[in-house]
Structures are given as C-alpha cells and as structure tokens.
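See structure below.
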DNA sequence: CACCCGTATCGACGAGTGTCAACATAGACA
DNA sequence: TGTCTATGTTGACACTCGTCGATACGGGTG
C-alpha cells in the first residue's frame, strides 16, 4: 500500500523543486520529455480522476480518506482503480492509517495545477 | 478547413480572458467542469500531440506550417489526425494560405501552459 | 487542360481504457 | 478466533484510441 512498488514517478518530481521539462513554448519537446508530460496529462484526462484529484486537493492539508471522496458516481472498485492510476502517475501518494487509507497530493503538483487553472487569460 | 465546423471549444476560451473552471484546489470540481478539463488534458495526453503542440508554440508568432512540424516519427495521415484532435479540443486553430496549412496556438492557452510548466515546484 | 505536391479523410486493425461483479485482503473489535 | 467494514485485485466486456495504407481534395504550375 505504500508507494515503494511504484515503478516510475514521472514529471515534476525529478529533483525536488524543479519541473522535469522545459516550458512548452521554449522549444521543441524532446521525445523523452513529451513521453513524461503525456503520462501526467493522461492521468488527468478522465473526469472521474479529475474529480477525485480535486476532492483530495481541496481537502485541508491536501489529504483525504477514500471514504470521503468515493462518491463520484462510479462503483467502489472503479474508484480504487482510478486512485491507483493517479498514484502510479506520481500525482498522489497513499498511506494506510488503521482502517482507512488516506491519499495525499504529491507536493509539487498542487502549485503547478493551481497556477495553470488560476491563471487569468 | 476553417474552424467554423468545430462543435465545441472547451476550456480556457469561454469568455475571452477567464478560464472556464475554478482552480483545482478551490473545491470539488463539478461534473461538468471536470468533463471540460478532462477533454483538454486528454488532447495533451499523447506524446506525438505534445510534440506537435510544442513545435507550433515555440515557432515565432505561435504559428507553423504543417510541413515544418510533420517530422515526429509517424505517418502523414497520423500527423493530420493529431492536429485535428488538437484543433477540436480548442488548443489550435488552422488556416489555409495557398498550398500550405498553418496552425496557430489558441491565444489563452499559451500563457496557461507556460505558467504550468515554467513553475518552480 | 494535365500533373504534381501538400494535406485531409476513410477503413481497418491491434492495443489500451473505463467499468462492473465477484472475490481477496487488512484492521478493528467482540 | 470469528465477524464486520474499508479498500484493493481479478477477470471480463464494450468501447475508444493511435496507427497505417489507400484514397480524395485543393491549389499551384506547366
């Protein structure tokens, strides 16, 4: 349940505070960078995953129990499936505390997302 | 070839200078907003599309002829297919000038993308 | 007009994705 | 130990997606 078995953590987490890829307008994306960025976007390209992610991100501390966010109109296994995808993409981390499992937004991701969506024009 | 037949232009272009959706950390995303945002992310969730988009975005004026960007390792019909997807997602616009077709990055998208990717963790 | 070049569309194929019901696993508690 | 609750995993299904070759369209140029 910890994240130790996650094979690859793409994008935004390479060092600690620097994004993996140059700005998209700075020049042609290398195939490798394109692959990493696409993986991140892909993880966010499903409405259910987006709602799960926003529910977690908008919780105090950027963390939430599965039981608090599971109401998105799909079955429980499907919720679990989507949370796994987000975790494998490096956007979430998970931690079991007693009976419940808590998901947290990976640190550097929040700011990047907020900046994208809060941007005026 | 003009964009007049595009059925829906999602995200980031509703008014002119305001994004369609609230910041992801501001609260739970509504199902409708999640759908719109997911459509945008989906358009960017393919490495080939990402490279095409970055090639156009990094060209002077944010515009490029297809012939200048077509070298991404896939066949010409596939390039055309991906450019259409980006256009249908509202991320690009296209215009025919004589023999060649030019694609431009939709205005508000550039800044948002750059902000996301240029952000320091 | 005929020809060539740049780009879009069509049809088909294999691979991947979202979803569910059924089952498995892990803690809490009696 | 046994049972209940919360979550993850498995297997199957329909559907979508990325890709290509073949073909069509549109505009120069001869």
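We did not get these values from a lab; they are worked out from the coordinates using the rules stated. Values in this document were obtained by computation on a predicted structure and should not be read as measured data. Using ideal geometry, Cβ is built from the backbone for each residue, glycine included, and neighbour counts are taken over all protein chains shown.
Between this copy and the others, label points of residue B:73 are 3.7 nm apart in ascending order, each placed 7 angstrom from Cα in the Cβ direction.
Peptides B:83-96, A:72-85 ranked from most to least packed give B:83-96, A:72-85, packing being the mean of other C-beta atoms within 10 angstrom over each peptide's residues.
Can you bin the range B:63-102 into rounded, prolate or oblate? Criterion: square roots of the alpha carbon gyration tensor eigenvalues sorted a ≥ b ≥ c, rounded for a/c under 1.5, prolate for a/b above b/c, oblate for the rest. Oblate, since a/c reaches 1.5 and b/c is not below a/b.
What full-extension length gain, to one decimal in nm, is calculated for residue B:84 and residue B:99 as 0.36 nm per residue of separation minus the Cα-Cα distance? Don't jump to the answer; show the numbers that get you there.
Values: separation 15, 0.36 × 15 = 5.40 nm, distance 1.81 nm.
Extra length available between residue B:84 and residue B:99 comes to 3.6 nm.
Here the Kirkwood formula puts the hydrodynamic radius of the range A:47-118 at 12.2 Å, using every distinct Cα pair.
Spatial offset of the range B:48-69 relative to the range A:27-56 amounts to 20 Å, using the alpha carbon center of each.
Can you put A:68, B:71 in order of Cβ neighbours within 10 angstrom, beginning with the fewest?
On the way: A:68 14, B:71 11.
If I rank by nearby Cβ atoms, fewest first, I get B:71, A:68.
Per-residue mean of foreign Cβ neighbours for B:54-65 is 3 (Cβ atoms of other chains, 10 Å radius). Partner shielding of A:33-46 amounts to 6, given as the average count of beta-carbon atoms from other chains within 10 Å of each residue beta-carbon.
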